[in-house]
Amino acid sequence: MTTPRRLSPGTLRLATAVLALALAAVVPVPALAGPAPAVTPTSPASLQIKAGDIALTIDPPEIQEFAARDKEGKLVEAPQKPADKPIRLTPGYDTTRTHILGNLYLTFQPETLTVTSESGTPYVRGIDFEFKDDTGVITNKDGRMKGKVDAKAKGALQRLDLVQADATGKLSVKKGKSVVVCPELPAPDPGNTAVAGIYVAPWRAAKNPFFAENPAGIAGATEYAVTQHEILPITAATPVPVADPDRLSPVLAKLRNGGTVKIALMGDSIMLGAESTRWWDDKYDEKSLTWKGRLIHALRQRFPKATIEVVEAYRGGVTVAYGLEKLPTVLAAKPDLVIMSFGVNDADPQVGKRTPEEFGAAVAEIMTKAREINAALLYVTPFPLIPWVNNQQGPRMEASFIPVMKQVSAANGAALVDVNAEYKQMNAHGIPWWSQNHNWHNHPGDFGHKIYAEAVLRAFPQ
């Protein structure tokens, strides 16, 4: 019989301490004693916020210099005519080397702008070039700028900060990371609860687009300021349900039973995957960050017995006319499911050639012909566009095109995933949805593509 080994007092104390730490790791964080106080701006707005009697300070946005140079850092060539390609201060790429296919909005400080020739000769705004304050775009005036141009200006970066509360209710601010596009909300520290997201915008308070119709509402604010529009309380948000999910029952049965399922993907640049990281190299695998790639990969993981094949019918910059053009090819492939998402470009008055009613008729035509070969149908509404920068494209889509998508889907046997509504629920999670538009216009970043994929996956329960 072996005699048990007696632990020394020191070893026993160490073991007891280790056990205590292990137990502490699994004990849940105590809930707040009561609701966290509402977080509000100061009046006039400033970089302080209030929570009851407590004042919290928000750091100003980080300022950096932007320069109009190509990806190798070389000076850009001056356009020789006003109609030539303009010079952009917006970087061509984000930190992941993903293209930024648009212009930053209200980011640049116009008074810091310098534009010179390669030899250092200064050019004058209004005489040699024009400059758009809102977008940082420089255009040659009457061909007065020649050769290489060195353009620079300072501008603010975006950031998301988190207001958090510990178990006693004490509030603090956790600062997020400054970025050019698509800021991320930091997670609360251990033992803390997330209370609100604070959007540290790149715009100066006087240019805050939320006050465009009410400039007096921002009177007296500091240069950069947090208003009620940049404070996003974190609340419970119910996921937007799939409309008419039973219409996908035949496809679900085939997925669950291990059959071969052909899925046709029809859409525009968002279906293509722009501007998720490495969207041009999408292989529908675990590395995919496009919403379609995430979706197909997740379906293959969720239904491992099934064989999922993809029929690709999408291209950047297209309208529903492209869907009609590709329809014969799609039908010839005999898909089990057609997933459609058109409408962003159709709502652009400069691109779309159809009224909302004509757009709906074209979508209905695609659906009717797809149903004739017994394909199930799923329509995905597009994410919301920032209304301040797209010449009524966003408002037109919200007011006219989204309702038509829902009406036509309901009338033509299609299930529908309302990504438009789901995207807006980011605000309830402390993240302003407009901050996740990668090009400040019509493409989501990685997080936006994730929202798309998660919403569509709800249509395919295991």
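Bear in mind these aren't lab numbers, they're just calculated from the coordinates by the rules spelled out. All figures in this text were calculated on a predicted structure; none of them were measured in a lab. Cβ atoms come from the backbone with ideal geometry, glycine included; neighbour counts cover every protein chain shown.
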ask   = Within the chain, what's the longest stretch lacking GluC sites (Glu not before Pro) that sit in DSSP loops with no more than 16 other Cβ atoms inside 10 Å?
value = 373-462
key: Cross-link partners of LYS287 among lysines (Cα-Cα below 24 Å; sequence separation of 8 or more within a chain)   = LYS177, LYS262, LYS305, LYS450
Anchor LYS81: lysines whose Cα lies under 28 Å away (excluding residues fewer than 8 positions away in-chain) = LYS71, LYS132, LYS141, LYS146, LYS148, LYS152, LYS154
Semi-axis lengths, Å, the stretch 98-160, gyration tensor of Cα atoms, sqrt of 5 times eigenvalues = 23, 12, 12
query = Quick one: of the DSSP bridges fully inside the chain, what percent are antiparallel, nearest 5?
reply = 70
message = I need two numbers for the stretch 261-359: Rg to one decimal and Dmax as a whole number, Cα atoms only, in Å.
response = 14.3, 46
note = Treating only Lys and Arg (+1) and Asp and Glu (-1) as charged, each at its beta carbon, one finds that the chain has a dipole about its Cα centre, in Debye to the nearest 20, of 1280
task = Please give, to one decimal in nm, the separation of the simple spin-label points placed at ALA428 and ASN214, each 7 Å out from Cα toward the Cβ.
result = 2.4
request  = Could you sort 138-144, 87-93 so that the peptide with the highest average Cβ count within 10 Å comes first and the rest follow in order?
outcome  = 87-93, 138-144
request  = Show which lysines lie in cross-link reach of LYS170 when reach means a straight Cα distance below 17 angstrom and same-chain residues fewer than eight apart are skipped.
outcome  = LYS50
ask   = Any idea how far apart ALA421 and LYS132 come out in nm if each label point goes 7 Å out from Cα toward Cβ?
value = 3.4
ask   = Per 10 Å bin, what percent of the C-alpha pairs of the stretch 245-457 does each bin hold, from zero upward?
value = 9, 36, 39, 15, 1
query = For the stretch 245-329, which trypsin sites (Lys or Arg not before Pro) are in a loop by DSSP, counting at most 13 other Cβ atoms within 10 Å?
reply = LYS283, LYS287, LYS305
key: Cα pair distances exceeding 21 angstrom across the stretch 58-190, given as percent   = 49
task = Pick out, from VAL115, ILE138, GLY73, the residue whose Cα sits farthest towards the positive end of the charge dipole of the stretch 63-156, with +1 on the Cβ of Lys and Arg and -1 on the Cβ of Asp and Glu.
result = GLY73
task = Go through the stretch 36-71 and name the trypsin sites (Lys or Arg not before Pro) that are in a DSSP coil and have 12 or fewer other Cβ atoms within 10 Å of their Cβ.
result = LYS71
inquiry  = Please give the charge dipole size of the stretch 63-156, origin at the Cα centre, charges +1 on K and R Cβ atoms and -1 on D and E Cβ atoms. Round to the nearest 20 debye.
reply    = 180
Convex hull volume per residue for the stretch 129-212, taking Cα atoms only, in Å³ = 119
note = In nm, the gap between the two label points placed 7 Å beyond Cα toward Cβ at GLU111 and ASP59 is 2.4
key: Projected-area average for the stretch 144-276 over all orientations - Cα convex hull basis, square nanometres   = 17.4
message = From the Cα trace of the chain, what convex hull volume per residue do you get, rounded to a whole Å³?
response = 231
query = Based on DSSP, what percent of beta bridges with both residues in the stretch 245-457 are antiparallel, to the nearest 5?
reply = 5
task = Can you tell me the dipole magnitude for the stretch 99-208 around its Cα centre, using point charges on the Cβ only (Lys, Arg +1; Asp, Glu -1), in Debye to the nearest 20?
result = 120
remark   = Net charge (Lys, Arg +1; Asp, Glu -1) of residues whose beta-carbon lies under 10 Å from that of VAL181, VAL181 excluded, is -2
